[in-house]
Amino acid sequence: MIPQYLVDFDLKTMPSACTDVVIIGSGIAGLFTALKAAETRKVTLITKRELMESNTRYAQGGIAAVMSEEDSTAEHVEDTLIAGAGLCRPEAVQVLAEEGPAAVRELMALGAEFDQEDGRLALTKEGAHSHRRILHAHGDATGYEIVRALAAKARNHANIKLLEHHYVIDLVQDELGCRGVLVQRPDGERLYLQSTAVVLCSGGAGQLYRYTTNPEVATADGLAIAYRAGAVIRDAEFIQFHPTALCYAGAPRFLISEAVRGEGAVLRNSRGERFMEKYHPQLELAPRDVVARAIVSEMEQTHAQMVYLDITHEQPEVIRHRFPTIYETCLSYGLDMTTDWIPVAPAAHYMMGGVRTNLDGETNIPRLFACGEVSSTGVHGANRLASNSLSEALVFGSRIVKRIKELAVLPEQVCISKGNGSNGYDTGRTAEPAGDLAERKLNLQKTMVRNVGLRRTGALLQEGLEGLKREQGIFQAKLETAEQLEFANMLTSSLLIAQMALQRQESRGGHYREDYPERNDEEWRKHQLCRRDQQLLEVQSV
Ligand code: SIN
């Protein structure tokens, strides 16, 4: 049983501080929401590493929004719904497509600069988009440009306090809802930070898998924290595997953007044959799950560890200008993409499900909001349309701030800090977490790849769950370091994903079951929800 809190604590005796809004995470969702909230509220932004480190920082492809006259809101909605494979919330998709362009202009007003062509925004195309609608920056450094601009503003904002290298352990609640967070400082001391609202912007789950395009920070902390607090988790089984991550000895699974295929790159198997025509009429720009599984099939048929991405027909100067980061990174491993095919394989990339919210980003716990990858707004359904995530964070971040501004600022929680009703929590944990944590983490990541990966079966999932459950002793141990807390969060989120994947007996979007290879709308056009405090795993019709 996963406990409500990872550590024992007593709010009456521990140091505490007050703020209006706590933001957890410093990707686009955290930074943008913080800057908007800080127009009228005192904000504390907590991040477990440096301010600039997040999944957003590594986003290459870009940000999807209807910015040209040839495109339309209706077509953006349509493309998103098709990608989402019957599980999107249409109202949320409409909100994203309608409010996306204004949100992107707001981002530009905050200093983010996107690439231009002939005096207009340069727009590219990615898989399953019917139009060129992806803005990008410095070719393929879109995420870096966004966090550069937003982090610079956040650093100098009088109403924003930044807590870098701080780790949020758990949410604190009373009868009014979420009242703040329990935080571990870099020196190990713990603090109760009280607030009027908490916004989880803690990003995704790629690091639950051994092979991922995500940086080390993407350990699904927010999903686990929200689950422990009793938030409803929706559709966690839907994990998107990016088809083309660099697969080369000694190199990390560096993302090779879909935009490379958008600009004409083709996939070849290890025999040099183009193969996507066997799998989908949209060829290399078919939905990501289709391309990723096609790649794995080709790898199996040719007994190879990878396939190849070939853009060598393009002019070298065009490649260097459009994809400078990818070009330089490949070159640093001895691969010149202007003349060499790039070896690639699928890797975990994005979590479609997450903490369920309404259209204002509110969870079922009053005063707790979720934004960005950790949230399940209903935009992505079973499979995210490429580049919708950055715009989703902006649109729903804005909505969250509007809602927070309607909330009364709560007085300091004297009820808790002065001991008017004890919130002391002591389960007498004493045992040290057993075993080598680095090894346990690697085992978890291998289990997730092998048993809860791109192609799943009931037997594999069951075996994976059993393996994960053997780690559950960590929940009873006395956790002291951020690494231990992080591992407990990784385990919690992995268990949720595996359990929901086992229960969904069909294939849809990012969830593929070899033992149930068809989409089954009659029985499974449904969401899965789970909630710790009700021990609940239920399905709900769309
Ligand atoms: C990419 O550049 O291929 C990733 C874009 C995304 O995942 O939205």
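Here is how the numbers come out for the structure above:
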| item | result |
| --- | --- |
| Residues of region 530-542 classified as modelled with pLDDT of 85 or more and either of a type in the set (Gly, Ala, Ser) or under 23 Å from Leu6 (Cβ atoms) (or both), total | 3 |
| Enumeration of residues in region 525-542 that are crowded, with 16+ Cβ neighbours inside 10 Å and in a helix (DSSP H, G or I) | Arg532 |
| Arg322 basic (Lys, Arg) and either closer than 29 Å to Ala85 by Cβ or touching a Ser or Thr at 6+ places or on another chain (Cβ under 7 Å) (or both) | no |
| Members of region 495-524 that are in contact with a Ser or Thr (Cβ under 9 Å, 6 or more places away or on another chain), surrounded by fewer than 18 Cβ atoms within 10 Å (Cβ to Cβ) and free of Cβ contacts under 8 Å to residues at least 60 places away in the same chain | Glu514, Asp515, Pro517, Glu518, Asn520 |
| Residue match in region 145-154 (condition: part of a loop (DSSP other than H, G, I, E, B), out of contact with any Gly (no Cβ under 6 Å at 6 or more places or on another chain) and within 30 Å of Glu113 (Cβ to Cβ)) | no |
| Residues (of a type in the set (Phe, Trp, Tyr) and over 23 Å from Ile319 (Cβ atoms)) located in region 247-293 | Tyr279 |
| Met299 vs. criteria in contact with a helix residue (DSSP H, G or I) (Cβ under 8 Å, 6 or more places away or on another chain), closer than 15 Å to Pro346 by Cβ and of a type outside the set (Phe, Trp, Tyr) | no |
| Among the residues listed as Glu70, Glu113, Glu50, Glu91, the single one being out of contact with any Cys (no Cβ under 9 Å at 6 or more places or on another chain), outside any loop (DSSP other than H, G, I, E, B), at negative phi and away from the ligand (no atom under 16 Å from the Cβ) | Glu91 |
| Strands (runs of 3 or more DSSP E) contained entirely in region 321-428, each with at least 3 residues that are touching a Phe, Trp or Tyr at 6+ places or on another chain (Cβ under 8 Å) and at pLDDT 95 or above | 342-351 |
| Test: residue in region 12-22 that is part of a helix (DSSP H, G or I) and within 21 Å of the chain's Cα centre (by Cα) | no |
| Residue among Leu246, Leu267 that is in contact with an Asp or Glu (Cβ under 9 Å, 6 or more places away or on another chain) and either buried (at least 22 other Cβ atoms within 10 Å of the Cβ) or touching a residue at least 40 places away in the same chain (Cβ under 8 Å) (or both) | Leu267 |
| Test: residue in region 71-82 that is within 26 Å of Val290 (Cβ to Cβ) and buried (at least 24 other Cβ atoms within 10 Å of the Cβ) | yes |
| Residues (touching a residue at least 60 places away in the same chain (Cβ under 8 Å) and out of contact with any strand residue (DSSP E or B) (no Cβ under 8 Å at 6 or more places or on another chain)) located in region 159-193 | Glu164, His165, Asp174, Leu176, Gly188, Glu189 |
| Only listed residue being at pLDDT below 95 and surrounded by 15 or more Cβ atoms within 10 Å (Cβ to Cβ), chosen from His129, His136 | His129 |
| Given (1) surrounded by fewer than 21 Cβ atoms within 10 Å (Cβ to Cβ); (2) touching a Gly at 6+ places or on another chain (Cβ under 8 Å), number of the condition Tyr192 does not satisfy | (1) |
| Candidate set from region 129-162 (those that are of a type in the set (A, V, I, L, M) and in contact with an Asp or Glu (Cβ under 6 Å, 6 or more places away or on another chain)); member that is farthest from the ligand (Cβ to nearest atom) | Ala137 |
| Test: Lys36 is outside any helix (DSSP H, G or I) and among the basic types (Lys, Arg) | no |
| Search result, residues across region 3-40 that are at pLDDT below 95 and of a type in the set (Lys, Arg) | Lys12 |
| Residue match in region 218-226 (condition: more than 16 Å from the ligand (Cβ to nearest atom), under 23 Å from Ala38 (Cβ atoms), touching a residue at least 12 places away in the same chain (Cβ under 8 Å) and surrounded by fewer than 22 Cβ atoms within 10 Å (Cβ to Cβ)) | no |
| Total residues in region 239-283, condition within 26 Å of the chain's Cα centre (by Cα), at pLDDT 95 or above and more than 14 Å from the ligand (Cβ to nearest atom) | 2 |
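Per-residue answers, yes or no, for (1) within 16 Å of the ligand (Cβ to nearest atom); (2) free of Cβ contacts under 8 Å to residues at least 40 places away in the same chain; (3) closer than 27 Å to Arg525 by Cβ:
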| position | (1), (2), (3) |
| --- | --- |
| Gln315 | no, yes, no |
| Tyr327 | yes, yes, no |
| Thr338 | no, yes, no |
| Ile342 | yes, no, no |
| Ala345 | yes, no, no |
| His349 | yes, no, yes |
| Gly354 | yes, no, yes |
| Gly372 | yes, no, yes |
| Arg384 | yes, no, yes |
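The values are calculated or read from the model by the stated rules, or taken from the named source; none is laboratory data. No experiment lies behind these values; they were computed from the predicted model shown. Ideal geometry is used to build each Cβ from the backbone, glycine not excepted, and the neighbour counts take in all protein chains shown.
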